[in-house]
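Let me begin by presenting the structure, written as structure tokens, before commenting on it.
Any read-out appearing in this document is the output of simple, stated calculations on the displayed coordinates, not a laboratory observation. Note that the structure is predicted; figures quoted are calculated from it, not measured. Ideal geometry is used to build each Cβ from the backbone, glycine not excepted, and the neighbour counts take in all protein chains shown.
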Amino acid sequence: MSETPPPEPAPTTAAERAATAEEHARLAEGALVRADDIVAGYFPGVDILRGCNFYLRDGEIVGIIGPNGAGKSTLLKALFGLIPVRRGTVTLRGDDITAAPAHVLVRKGLGYVPQTRNVFPSLTIEENLEMGIYLRPKQFEQRFAFVAELFPLLGERRKVKAGALSGGERQMVAMGRALMMDPSVLLLDEPSAGLSPMFQDEVFIRCKKINAAGVSIIMVEQNARRCLQICDRGYVLDQGRNAYTDTGPNLMHDPKVVELYLGTLAGSREQKRN
């Protein structure tokens, strides 16, 4: 039985795009992080994001889901200044950060955890976390204590080299390091990817605790159902554009989203396991 093909990304006409942009502008007013009609990609002339809108309000967890190649990780990298935005704007607290480099955004309160190569295996847990606060070394012990409350394992094993840790434990180190600079926004790129079911559960539990501690979260996830369970709102990307956006619970129970995206994503994960 063939898979149901995903729909053409909405909106598709100029009138629909204009109406969607107007609605986005209304909803995104006063947002903590906001992206308006951004076009971005890795190579000249090859656009991965093709007019993408996004916003995050203070205190929210917002999830970004969609099929492989939809532009999810590209959106995170565009927000964090890792790839050039060729059109549109990105703002943080109303300030234009579209062209700001990543190290400037760290100072402004953004933290980023990439999907791969996110720890230094030859360094201890403590040394990895020191790398996360190199701009404010005098605050290390204070921030380490905060991170160790969220991730007790990091405090208990602070002298253990990251290379000796499991994949799930390394993910905790990566998330902890991103928190060392006391960010107001944490960007997570597929934090549960490749982890055992136990550590996947642990990642989502820790995300809720991080959020409860005052950090807003933007999360890209292939584990779409679990992501939407903890998210205040979610975006479904398809072919570099917004296909759907709603609250996490509404997206989880939307028949079209379930049929066209959640079932497909669950099936792709099952194939990877087998």
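Which angle from 0 to 90°, rounded to the nearest 10, does the C-alpha axis of helix 197-212 make with the longest principal axis of the chain?
Tilt of helix 197-212: around 90 degrees.
May I have the extent of the alpha carbons of segment 24-142 along their three principal axes, as whole Å values ordered from largest to smallest?
Between the extreme Cα coordinates on each principal axis of segment 24-142 lie 42, 30, 24 Å.
Please work out the FRET efficiency for the pair residue 246 and residue 158, using the Cβ-Cβ distance as r and a Förster radius of 41 Å; give the result to the nearest 0.05.
Between residue 246 and residue 158 the formula returns 0.50.
List the trypsin sites (Lys or Arg not before Pro) in segment 90-124 that DSSP assigns to loop (not H, G, I, E or B) and whose Cβ has at most 13 other Cβ atoms within 10 Å. Which are they?
Within segment 90-124, the qualifying trypsin sites (Lys or Arg not before Pro) (loop, at most 13 other Cβ atoms within 10 Å) are 117.
Express in whole angstrom the spacing between the alpha-carbon centres of segment 191-270 and segment 62-83.
One Cα centre to the other: 13 Å.
Sorted by average packing, counted as other Cβ atoms within 10 angstrom per residue and highest first, what order do 43-53, 167-177 take?
Descending packing order for the listed peptides: 167-177, 43-53.
Once phi is turned into θ = phi - 60°, what whole-Hz ³J(HN,Hα) does the Karplus curve with 6.51, -1.76 and 1.60 give for every residue of segment 237-245, x standing for Gly and Pro?
9, 8, 6, x, 10, 6, 9, 9, 8
Report the local net charge at residue 93: Lys and Arg +1, Asp and Glu -1, summed over other residues whose C-beta lies under 12 Å from its C-beta.
0
Hey, what angle do you get for helix 14-27 against the long axis of the chain, alpha-carbon based, 0 to 90 degrees rounded to 10?
Around 40 degrees separate the two axes.
At a Förster distance of 30 Å, what's the computed FRET efficiency of residue 89 paired with residue 142, Cβ-Cβ distance as r, to 0.05?
After rounding, the FRET efficiency stands at 0.30.
For segment 47-112, divide the Cα radius of gyration by the Kirkwood radius and give the resulting Rg/Rh value with two decimals.
With Rg and the Kirkwood Rh in hand, the quotient comes to 0.93.
Counting Lys and Arg as +1 and Asp and Glu as -1, what is the net charge of the other residues whose Cβ lies under 9 Å from the Cβ of residue 56?
Result for the local shell: +1.
Can you give the alpha-carbon Rg of the chain over 2.2 N^0.38 Å, where N counts its residues?
Working it through for the chain, the quotient is 1.00.
Report the Rg/Rh value for segment 167-230, based on alpha-carbon coordinates and the Kirkwood definition of Rh.
0.92
Could you check the simple spin-label distance between residue 122 and residue 25, using points 7 Å along Cα→Cβ, in nm with one decimal?
5.3 nm
Shape of segment 81-145 from its Cα gyration tensor (a ≥ b ≥ c, root eigenvalues): rounded if a/c is under 1.5, otherwise prolate when a/b > b/c, or oblate?
Taking the square roots of the gyration eigenvalues as a ≥ b ≥ c, segment 81-145 is oblate.
For residue 161, what is the net charge nearby, where nearby means another residue's Cβ is under 12 Å from its Cβ and Lys, Arg count +1, Asp, Glu -1?
+1
Among 142, 229, 115, whose mean-square fluctuation peaks in a Gaussian network model of the chain (Cα, cutoff 10 Å)?
The residue that fluctuates most here is 142.
Could you give me the ³J(HN,Hα) list for segment 163-168, computed from phi with Karplus coefficients 6.51, -1.76, 1.60 and θ = phi - 60°, whole Hz, x at Gly and Pro?
Karplus-based 3J(HN,Hα) across segment 163-168 equals x, 8, 8, 6, x, x Hz.
Taking a ≥ b ≥ c as the square roots of the Cα gyration tensor eigenvalues, with a/c under 1.5 meaning rounded and otherwise prolate when a/b beats b/c, else oblate, which class fits segment 132-200?
It is oblate, given that a/c is not under 1.5 and a/b is not larger than b/c.
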